[in-house]
Amino acid sequence: IVHSPIRPHPCFLLVPASEPPFPHLQTPDRGDAVWNVRWALCTRRSSGALAPGSGATIFALSSGQGRCGVAVIRTSGPASGHALRILTAPRDLPPARHASLRLLSDPRSGEPLDRALVLWFPGPKSFTGEDCVEFHVHGGPAVVSGVLQALGSVPGLRPAEAGEFTRRAFAHGKLNLTEVEGLADLIHAETEAQRRQALRQLDGELGHLCRGWAETLTKALAHVEAYIDFGEDDNLEEGVLEQAGIEVRALEVALGAHLRDARRGQRLRSGAHVVVTGPPNAGKSSLVNLLSRKPVSIVSPEPGTTRDVLETPVDLAGFPVLLSDTAGLREGVGPVEQEGVRRARERLEQADLILAMLDASDLTSPSSCNFLATVVASVGAQSPSDSSQRVLLVLNKSDLLSTEGPGPGPDMPPHLLLSCVTGEGLDGLLEALRKELAAVCGDPSTGPPLLTRARHQYHLQGCLDALGHYKQSKDLALAAEALRVARGHLTRLTGGGGTEEILDIIFRDFCVGK
Ligand SMILES: Nc1nc2c(ncn2[C@@H]2O[C@H](COP(=O)(O)OP(=O)(O)OP(=O)(O)O)[C@@H](O)[C@H]2O)c(=O)[nH]1
Ligand SMILES: [K+]
Ligand SMILES: [Mg+2]
């Protein structure tokens, strides 16, 4: 099988020249690659096995590429059971959802391919909701390609496209859209916090929350529609409109709270911006190298060594971070360094968290005092709410304190002592970073489920705006429409639709007409 990674390029099925399953086709010359591909395309058309459409059964290597201990090959679709039977002939289907040891052989030549564990998942109790099979084979490339070729020779089977198993799971209602996103994030998670957040989303927490909110809106809509239809009717319970108003206001508060947090989940997905700043020679580059455990920046005793902004992705205490080293802040220098200072200030404005660094043995120098008075004071003065920048003051070169200076006085703002040379104070700094990053990114092990994508934020904001229209509209029909728009945003967030449930609720919640 040659599987093109470029979508939507088709996958070519190469059938061994020795065993043409279609006698009316001419056998290609061995080793003639182009011929082989053309010939395979002919057989593909003749067999109809690769016809597009969800009726097809798909197969793919689901574990990573390359040599490994065990490789997992999956199939999904109606011909899965047939394929399993053919590859494990003469044995019959194993019991459902039990690992069974089977000899796999090529259905065309009867040649043994591997002794493997096979799992049979009859639909709908499977990942995709369709009949699925898993082959746990030995992970050598020859075994894997042998089994893939054998599967490709079974009529009705074709190689899966990227993401097709998950798409089928979504189509069969096994996962909603936010869960699909969580699954994608889980596969790509690089840090612990990212993994936790993705797992929570895959578990459906965000989807669950949205469904709860959508239900509230459906109920409010049912109240309003009942009032429109049966307002004159004595049998309608009193205060239905007031009840809808109360529910909408409570929802507005909840949505507002989540939207205020909106950037946090996205930061956790794509990394928080942490910028190291300070006067020249404070040891900023030394700290960046220490935190990233690699020589990202040049360190030297010469002030003004770093000119450009140097950024490096790091895992800080389990959080994904884009760490930037910047030029030391000072005035009255040459044009190149001045440009470096300009870039440093620009980067500082984009920071989620600022690591402000000073030389602890040089706190009384003009550059230190100036830095404390301008940068640290101005950032620290902002309210420490989640939307504003956060700052950690680090006093470096603590190893020089006893010998060279008196150390920080009592009026120094809250700070951490560190020595990049001896490593003293690094644990304390990492712990402080963990706390700050948990505030910047949201702590995925505790807080409410986070909005991890701009799409989530868009729909929640759309919902909130529509609720605003609801409150403003004097006409009941327009109010009902605003609720419908609001609810549409929530259902689209989880990838759903449908309006039928409203009627159900009208008749379940009310005793209209008794
Ligand atoms: N004693 C001691 N020296 C340190 C420490 N950290 C850094 N240094 C030294 O301080 C000097 C400056 O370090 P850098 O990391 O280049 O400082 P910087 O803030 O990046 O300097 P610029 O890029 O020029 O602004 C180097 O000679 C380092 O070896 C420390 O904790 N203790
Ligand atoms: K330096
Ligand atoms: Mg530097």
Single residue of region 288-343 satisfying the filter (more than 9 Å from ligand 1 (Cβ to nearest atom) and basic (Lys, Arg)) that is farthest from residue 423 (Cα to Cα): 342
Counting only residues that are crowded, with 18+ Cβ neighbours inside 10 Å and under 10 Å from the mean Cα position of the chain (by Cα), how many does region 191-213 have? 5
Name the residue that is nearest to ligand 3 (Cβ to nearest atom), counting only residues in region 350-376 that are exposed (fewer than 13 other Cβ atoms within 10 Å of the Cβ) and part of a loop (DSSP other than H, G, I, E, B). 350
Which helices (runs of 4 or more DSSP H) does region 131-193 wholly contain that include 2 or more residues that are at pLDDT 90 or above? 141-152
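Among the listed residues 316, 310, 291, which satisfies the condition of being more than 9 Å from ligand 3 (Cβ to nearest atom) and closer than 23 Å to residue 375 by Cα?
Working: 316 fails: closer than 23 Å to residue 375 by Cα; 310 fails: more than 9 Å from ligand 3 (Cβ to nearest atom).
The conditions single out 291.
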Give the residues of region 63-76 that are surrounded by 14 or more Cβ atoms within 10 Å (Cβ to Cβ) and either of a type in the set (A, V, I, L, M, F, W, C) or outside any strand (DSSP E or B) (or both), sorted by residue number. 63, 68, 71, 72, 73
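The values are calculated or read from the model by the stated rules, or taken from the named source; none is laboratory data. All of these numbers come straight from a predicted model, not from anything done at the bench. Positions of Cβ are generated from backbone atoms using ideal geometry, with glycine treated the same way; all protein chains shown enter the neighbour counts.
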